[in-house]
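Single-structure report; data block below.
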Amino acid sequence: MDGKSTLVEVRVAAMDLLARREHSRRELHNKLERRFSEDQVAQALQTLAAEGLQSDSRFAEAFVRQRSQRGYGPLRIRQELRQRGISDALVAETLESCDVDWYEALEGVVERKYGGHPATDLKEKARRQRFLLYRGFAGEQIREVLD
């Protein structure tokens, strides 16, 4: 198989993945390098990014929107974006520019999970705090909402 046809195959594989959902450059790289050489993957990803078909900023925006709607807080989302290869600067910019009221999101999670029922004792309150910390909300906000 010649190099040109393989580059086309890498591009088609990348486009198939991008057609399903946005991917970060690192995610695409990791998935494609299982099947293709490092050089071919790097070249294909560079071309896709130059053409605007793959964008880390578009991925980050979609990811923040999706995760916040599922009840995750900014700390958890920040960590997950970093794991997916998004730079700290882009993460900060995306979280700042997103249209999410994190306090309201936290109240929504508490309402859905606990139905507005206050914690009956300290053990239950601590359990709820751990859950909300795991979800990625700030301790100060959690204490304010649960008190």
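The values are calculated or read from the model by the stated rules, or taken from the named source; none is laboratory data. This one's a predicted model, so the numbers in the text were calculated from it and none came from an experiment. Positions of Cβ are backbone-derived with ideal geometry, glycine not excepted, and every protein chain shown enters the neighbour counts. Calculation scope for accessible area: heavy atoms of the full protein, side chains included, ligands and nucleic acids excluded. Shrake-Rupley method; radii C 1.70, N 1.55, O 1.52, S 1.80 Å.
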Can you list residue pairs whose Cβ atoms sit under 7 Å apart, with the first residue in segment 15-40 being of a type in the set (A, V, I, L, M) and the second being in a loop (DSSP other than H, G, I, E, B)? Count only pairs 6 or more apart in sequence or on different chains.
L17/H23; L18/L53; L18/Q54; L28/Q54
Yes or no: segment 16-34 includes at least one residue that is within 30 Å of R128 (Cα to Cα), open to solvent by less than 90 Å² (accessible area, probe 1.4 Å) and touching a Gly at 6+ places or on another chain (Cβ under 7 Å).
no
For segment 23-50, give me the residue count where each residue is at pLDDT 95 or above and part of a loop (DSSP other than H, G, I, E, B).
2
Being more than 24 Å from N30 (Cβ to Cβ) and either part of a helix (DSSP H, G or I) or not aromatic (F, W, Y) (or both) is the requirement here; does V100 meet it?
yes
What about D39, is it under 22 Å from the mean Cα position of the chain (by Cα), farther than 21 Å from S87 by Cα, acidic (D, E) and open to solvent by 40 Å² or more (accessible area, probe 1.4 Å)?
no
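Okay, residues lined up against (1) assigned to a helix (DSSP H, G or I); (2) under 25 Å from R21 (Cα atoms):
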residue	(1), (2)
L53	no, yes
R67	yes, yes
G108	yes, no
Y134	yes, no
Q141	yes, no
Would you confirm, using the coordinates I've provided, whether R76 is in a helix (DSSP H, G or I), within 24 Å of G139 (Cβ to Cβ), open to solvent by 20 Å² or more (accessible area, probe 1.4 Å) and modelled with pLDDT of 95 or more?
yes
Exception for R82 within (1) out of contact with any Asp or Glu (no Cβ under 9 Å at 6 or more places or on another chain); (2) modelled with pLDDT of 95 or more; (3) closer than 30 Å to E144 by Cα; (4) open to solvent by 80 Å² or more (accessible area, probe 1.4 Å) falls at (1)
Going through segment 91-147 in order, the residues found to be of a type in the set (A, V, I, L, M, F, W, C), exposed (fewer than 14 other Cβ atoms within 10 Å of the Cβ) and within 26 Å of the chain's Cα centre (by Cα) are A92
Need pairs with beta-carbon distance below 9 Å; first residue touching a residue at least 40 places away in the same chain (Cβ under 8 Å) and within segment 42-58, second charged (D, E, K, R) and open to solvent by 50 Å² or more (accessible area, probe 1.4 Å); sequence gap 6+ or separate chains.
Q54/E22; Q54/R25
